[in-house]
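Only one structure is covered here, and it is reproduced in the block below.
Nothing in this text is a laboratory measurement; each read-out follows from the coordinates by a stated rule. If you're wondering where the values come from, they're calculated on a predicted model, not measured in any experiment. Please note: Cβ atoms are built from the backbone with ideal geometry, for glycine as well, and neighbour counts cover all protein chains shown.
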Amino acid sequence: MTTTATAPLPPVRPYESYVYAYPHKTAYRPLEERPSLRALWAAEPKDALSLYLHIPFCEVRCGFCNLFARIGAPEELTTRYLDALERQAVAARDALGDVGPVRFAAAAFGGGTPTFLTAGELERLCDIAEQRMGAELRAVPLSVETSPATATADRLAVLADRGTTRISIGVQSFVDEEARAAVRPQRRADVEAALGRIREAAIPVLNIDLIYGIDGQTERSWLASLDAALVWRPEELYLYPLYVRPLTGLHRLGAVAGAEAEALEQVSWDEQRLRLYAVGRDHLLAHGYEQVSMRMFRRSDAPREQESPEDYACQTDGMIGLGCGARSYTAALHYSFDYAVDMREIRSIIDRFTATEDFSRAEVGRYVDAGEARRRHLMQSLLQAAGLSVADYRARFGTDPGADFPAELAGFAARGWLDPSAPQGLLRLSPSGLAHSDALGPALFSPGVRAAMAAYERK
Ligand SMILES: C[S@@+](CC[C@H](N)C(=O)[O-])C[C@H]1O[C@@H](n2cnc3c(N)ncnc32)[C@H](O)[C@@H]1O
Ligand code: SF4
């Protein structure tokens, strides 16, 4: 009898990157032809659009964060920002035209920290969404991000009154020393008080963000954070593995070790994050939560009528994003005001945004061809615990994912990342596949997108 030895698979790094939008913004480039928004939106379906408003201000800069935001807003900058947002909203609504129904099916305010704005400014933000864009905020799901220090009763009252259905708060850790280690200056008592105010505001869905893999965090302290969160019975919980990205405070703090020591450290940190992920997942599953994606968990008995889309990170076609860091999506083009994510450039981009009068054209972006659209659909569906329906894929593209991505899917199967017991016609990740979502997602990037992202990073 002969046996065929299969070569061992090369090791993968489980934390390559969080794929929350594809193509990533670092693959966007200036659009030489500066297409008019009117032309871009002319043939798009407009009866179930999403609206996203980006507020790029925070009270502090957390050590782990590389989101598009600056600390504070001197000299009426928020007023100038809202003025520009309003001009942009007028241009975007104008581009949607009046032929056929124009309707927003969902809205979100993100950041930065939208509640950096005062209660009065939040009223104005809602007015822009309603009066300038025509979004009926009280009739659709409206999600808003907040932070402990800015979740004040007056702001929450405005948000509740204007129809907010989901509030998402970044807590990161209920252990003060861990918050300090993540350079997230906050006290547990203030976090608890903020959660109390949110529950008093009676916004239907509360989401709490927590981070694992922080220096000094142990299984026991991670469980303590999870239990502290569970006391509030949040309808949703997001568990984020810590990433330390270039140009963040944590990165600058990082010890300068030799390459070999660094590689060893990386492996043990990866192992620690995988362990804490499994501990967190099992704890939530044992406490009445279901897993929606690697990061997202939903309380099984939460009221379903307020249900948010499968995963807030997963974005659909037909998105109007307003603000200097927001993306907009038509079927053929993803675009934004600017594509820099480098913190050194954020201030000047905000200043340029507030000085802009004409928002009628797309300045930077990336065209999404049929192949990229297939990749995007595969990524967005496969990274959900519910998996990808082959029939839906076929209905949309006329082909099978197995025929379009044979090598990628065979590779995932060889690593045990696909669930062999999934029903016929469903491509679903195994528990190990879900745990490796941040390796699996980037493995599906096209060579073109990969090259554009790498060129941006070398800049
Ligand atoms: C827009 S922020 C949350 C809203 C709000 N600004 C706050 O911090 O309270 C989205 C979430 O992404 C997560 N996050 C951001 N950067 C991260 C990183 N480098 N590693 C892990 N999680 C991260 C955090 O949990 C954060 O709450
Ligand atoms: S985590 Fe939130 S509060 Fe902290 S810097 Fe990032 S966006 Fe701002």
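Only the Cβ atoms of Lys and Arg (+1) and of Asp and Glu (-1) were treated as charged; on that basis the dipole of the stretch 348-437 about its Cα centre amounts to roughly 280 debye. Since only ALA182, PRO406, LEU237 are under comparison, the one whose Cα sits farthest along the positive direction of the charge dipole of the chain, derived from C-beta charges on Lys, Arg, Asp and Glu, is PRO406.
Simple point charges give the picture: +1 on the Cβ of Lys and Arg, -1 on the Cβ of Asp and Glu, and for the chain a dipole about the Cα centre of about 420 debye.
Overall form of the stretch 9-71: oblate. Here a/c, set by the Cα gyration tensor axes a ≥ b ≥ c, is 1.5 or more, and a/b is not larger than b/c. For the chain, a/c is less than 1.5, where a ≥ b ≥ c are the root eigenvalues of the C-alpha gyration tensor. That puts it in the rounded class.
By DSSP, what percent of the beta bridges with both residues in the chain are antiparallel, rounded to the nearest 5?
Antiparallel bridges make up about 40 percent of those DSSP assigns within the chain.
Relative contact order of the chain: 23 percent, from C-alpha pairs under 8 Å at least 6 residues apart in sequence.
Would you mind classifying the stretch 215-288 by shape? Square roots of the alpha carbon gyration tensor eigenvalues, ordered a ≥ b ≥ c; an a/c under 1.5 is rounded, otherwise it is prolate if a/b is larger than b/c and oblate if not. Walk me through the intermediate numbers first.
On the way: a/c = 2.95, a/b = 2.07, b/c = 1.42.
Taking the square roots of the gyration eigenvalues as a ≥ b ≥ c, the stretch 215-288 is prolate.
Label-to-label distance for ALA42 and GLU177 is 6.4 nm, based on points extended 7 Å past Cα in the beta-carbon direction.
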